[in-house]
Amino acid sequence: MTEERTIREIKINRTIDAKPEQVFKAWTEPEHFTHWFGAPLPTISMDVRPGGSWKATLDYEGTEIPFHGVYSEVEENSRLVFSLIDPNDPEFEEKQARGENEEAVTLTFTESNGKTKLGFRQTGYLPEEELPQAKEGWVSWFDALEEYLTKKS
């Protein structure tokens, strides 16, 4: 019996003590992104415009983990939507053949009393058993984002 392929989502809402402009830049400018996203990034490129691509390779304990995708929506300081593709996924080719290898990430940046309400949503054919670990990873990256922006202020 094969696993039912269901679109699942991860949602995270966070209030960050920084203005939306600062948080948006941290997501869209490599010189900021490299300071908080995951582990060291030996490779990063970001063409932040609808149809533009992004690529980042994480160096996690000596293992390179590449991610890439395409921006579909870019509304400066308020909304960012991009695809997330993990070519190291052991089921990548099988998922690609079914059109299930891309996940969608939507970020919203809303100003509230000088802070940013950051909304995060990731959707895709995520295996249910991987959801807690994936969410935990994003939460730790958001912690690092907050720490980075706090140091910059």
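Here is a yes/no grid of residues against (1) of a type outside the set (Asp, Glu); (2) part of a strand (DSSP E or B); (3) open to solvent by less than 80 Å² (accessible area, probe 1.4 Å); (4) touching a strand residue (DSSP E or B) at 6+ places or on another chain (Cβ under 7 Å):
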| position | (1), (2), (3), (4) |
| --- | --- |
| Thr6 | yes, no, yes, no |
| Asn13 | yes, yes, no, yes |
| Trp36 | yes, no, yes, no |
| Leu41 | yes, no, yes, yes |
| Arg49 | yes, no, no, yes |
| Ala56 | yes, yes, yes, yes |
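Does region 111-131 hold any residues that are charged (D, E, K, R) and open to solvent by 100 Å² or more (accessible area, probe 1.4 Å), and which are they? Step through it out loud before you land on a result.
Of the residues in region 111-131, the ones charged (D, E, K, R) are 111, 115, 117, 121, 128-130.
Of everything in region 111-131, those that are charged (D, E, K, R) and open to solvent by 100 Å² or more (accessible area, probe 1.4 Å) turn out to be Glu111, Lys117, Arg121, Glu128, Glu129.
Identify, please: which residue in region 15-34 is free of Cβ contacts under 8 Å to residues at least 24 places away in the same chain, in a helix (DSSP H, G or I) and surrounded by 13 or more Cβ atoms within 10 Å (Cβ to Cβ) and is, among those, nearest to the chain's Cα centre (by Cα)? Let's see the steps before the verdict.
Start the filter on region 15-34 by keeping residues that are free of Cβ contacts under 8 Å to residues at least 24 places away in the same chain, which leaves 25, 29-31, 33-34.
Those still in the list that are in a helix (DSSP H, G or I) too: 25, 30-31, 33.
Checking which are surrounded by 13 or more Cβ atoms within 10 Å (Cβ to Cβ) leaves us with 25, 30, 33.
Numbers: Lys25: 14, Pro30: 13, Phe33: 11 Å.
Among them, the one singled out is Phe33.
So, in region 58-76, exactly how many residues are open to solvent by 60 Å² or more (accessible area, probe 1.4 Å) and not in a loop (DSSP other than H, G, I, E, B)? Spell out how you get there, then give the answer.
Of region 58-76, the ones open to solvent by 60 Å² or more (accessible area, probe 1.4 Å) are 60-64, 68, 70, 72-73, 75-76.
Within this subset, residues satisfying the condition of being not in a loop (DSSP other than H, G, I, E, B) are 60, 63-64, 68, 70, 72-73, 75.
Number satisfying all stated conditions: 8.
The values are calculated or read from the model by the stated rules, or taken from the named source; none is laboratory data. Because the structure is predicted, anything quoted here is derived from the model rather than measured. Note: ideal-geometry Cβ built from the backbone for every residue, glycine included; neighbour counts use all protein chains shown. To get the accessible areas, we keep the full protein, side chains included, count just its heavy atoms, and leave off ligands, DNA and RNA. Shrake-Rupley method; radii C 1.70, N 1.55, O 1.52, S 1.80 Å.
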